[in-house]
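Here's the structure, in structure tokens; my notes come after.
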Amino acid sequence: MELIGHAVVTGSGERNYVQRIHAGKHELSADEMPSHGGADAGPTPFSLVLAGLGACTSITLRMYAQRKGWELGTVNVHLKLLREDKAVHIERKIAFDTALTDEQRGRLAEIAEKTPVTLLVKQGTPIQTSLE
């Protein structure tokens with residue numbers, strides 16, 4: 001079994017919902033919006049999921065383009081998590097600041113649907129939980 005990600009999240013309750021996240025050697029915070037009882041001391045958990053999806057999308061597209069010898073310039077991935085009643089969906093818009101052919105754009109759109117985090121989200125990955 002290969003480890004492909006690792007994070008430790010700690011919430012002391014000292015600042016209500018503020019969480020300290022240790023992901024590898026990196027440290028960041030998460031929190032809820034004030035309208036949900038938080039202090040807005042970091043991205044919400046949903047925003048962090050979107051950030052991971054966006055980062056994976058941008059990185060994967062750049063890797064693919066480099067292999068093809070294509071110049072992408074800056075890649076911007078704009079994501080929204082939207083809920084209507086009980087239905088939830090993600091809206092992802094990808095923009096490049098370099099002119100691309102229709103063929104390149106079509107291929108990049110196909111690749112975006114196959115990024116590792118995209119597939120993880122779409123397949124509904126099982127979670128095994130244990131209390132220690």
Only helices counted: for the chain, with every DSSP H run of 4 or more residues adding -39500 (n - 2.57) and the sum spread over all residues, [θ] at 222 nm is -10500 deg cm²/dmol
Rounded to whole angstrom, the alpha-carbon centroid of region 11-40 lies from that of region 72-132 at a distance of 25
Judged on accessible area alone, 1.4 Å probe, highest first, 96, 46 line up as 46, 96
Expressed as a whole-number percentage, the relative contact order of region 21-132 with C-alpha contacts under 8 angstrom and at least six residues apart is 19
Over all directions, region 57-132 yields a Cα convex hull whose mean projected area in nm² is 7.6
Mean-square fluctuation maximum in Gaussian network of the chain, Cα pairs under 10 Å, restricted to 113, 103, 32, hits 103
Rounded to the angstrom and largest first, Cα extents along the principal axes for the chain equal 53, 38, 29
When the charge dipole of the chain is computed with +1 at the Cβ of Lys and Arg and -1 at the Cβ of Asp and Glu, the Cα pointing farthest to the positive end, of 79, 101, 49, is that of 101
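The values are calculated or read from the model by the stated rules, or taken from the named source; none is laboratory data. In this text the structure is predicted, and so the values were computed from the model without any measurement. Ideal geometry is used to build each Cβ from the backbone, glycine not excepted, and the neighbour counts take in all protein chains shown. Keep in mind that these areas ignore ligands, DNA and RNA; they rest on the heavy atoms of the full protein, side chains included. Shrake-Rupley method; radii C 1.70, N 1.55, O 1.52, S 1.80 Å.
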